[in-house]
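This report concerns only the one structure given below.
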Amino acid sequence: MHTGYDARERLRAVGLRVTAPRVAVLDAVAAAPHSDADRLAVKVRETLGTVSTQAVYDVLRACVGAGLLRRIEPAGKSALYEARTGDNHHHLVCRNCGTVVDVDCVVGAAPCLEPGDAQGFVVDEAEVVFWGLCPGCVTEQRAPSV
Ligand SMILES: [Zn+2]
Ligand SMILES: [Zn+2]
């Protein structure tokens with residue numbers, strides 16, 4: 001699958017060694033953003049054969065640490081990973097089916113919101129999760145199938 005995402009190049013750019021599991025995990029995230037580790041492990045196994053879920057977690061942790069991946073944790077859901085980093089974008093989450101959609105940040109840089117009173121904290125990020133129902137679930141609720 002061609003996603004226009006060059007995992008090898010990204011790994012080299014941050015000084016991480018290029019390994020097959022790392023490339024496979026980054027490709028899987030690029031192809032299916034906002035996936036959790038279990039879903040990514042399934043995709044990685046399709047490419048590489050046997051890879052332990054722990055190995056996938058290790059790669060995810062290294063890539064998040066290096067800034068190649070972003071980890072988001074909407075309340076009550078598993079951690080989700082995406083390759084879109086550095087633009088401080090936000091997320092819409094459907095309460096019903098769990099669909100996650102990117103929302104562009106108006107400012108494009110963190111923090112894009114300032115608390116009224118930061119109480120002495122040095123704020124470097126404001127992460128917004130908009131909760132609601134996706135269009136599919138809204139339609140379903142309005143017109144229940146008979
Ligand atoms: Zn939904
Ligand atoms: Zn996102």
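The values are calculated or read from the model by the stated rules, or taken from the named source; none is laboratory data. From a predicted model like this one, the values you see are computed outputs, not experimental measurements. Ideal geometry is used to build each Cβ from the backbone, glycine not excepted, and the neighbour counts take in all protein chains shown. Just the protein is used for accessible areas: all its heavy atoms, side chains included, with ligands, DNA and RNA removed. Shrake-Rupley method; radii C 1.70, N 1.55, O 1.52, S 1.80 Å.
Identify unpaired cysteines across the chain, taking unpaired to mean no other cysteine Cβ lies under 4.7 Å from the residue's Cβ.
Cys63, Cys97, Cys105, Cys112, Cys137
Express the carbon and sulfur contribution to the solvent-accessible surface of segment 28-124 as a percent, rounded to the nearest whole number, probe 1.4 angstrom.
The C+S portion of the solvent-accessible surface of segment 28-124 is 51 percent.
Please list 3J(HN,Hα) in residue order for segment 111-127, calculated via the Karplus relation 6.51 cos²θ - 1.76 cosθ + 1.60 where θ = phi - 60°; whole Hz, with x for glycine and proline.
x, 9, 10, 10, x, x, 9, 6, 6, x, 6, 8, 8, 10, 7, 10, 10
Suppose accessible area is computed on protein heavy atoms with a 1.4 Å probe; arrange Ser78, Ser35 from highest to lowest.
The most accessible residue leads, giving Ser78, Ser35.
Sketch the reach of a paramagnetic label on Gln141 as a point 7 Å from Cα along Cα-to-Cβ, and name the residues of segment 98-127 whose backbone nitrogen lies under 13 Å away.
Backbone N within reach: 98.
Find the Rg to Rh ratio for the chain, where Rh is the Kirkwood radius over alpha-carbon pairs and Rg uses the same atoms.
Working: Rg = 17.5 Å, Rh = 17.0 Å.
Reported Rg/Rh (Cα atoms, Kirkwood Rh): 1.03.
So how much accessible area does Val129 have, in Å² to the nearest 10, using a 1.4 Å probe?
The accessible area of Val129 comes to roughly 50 Å².
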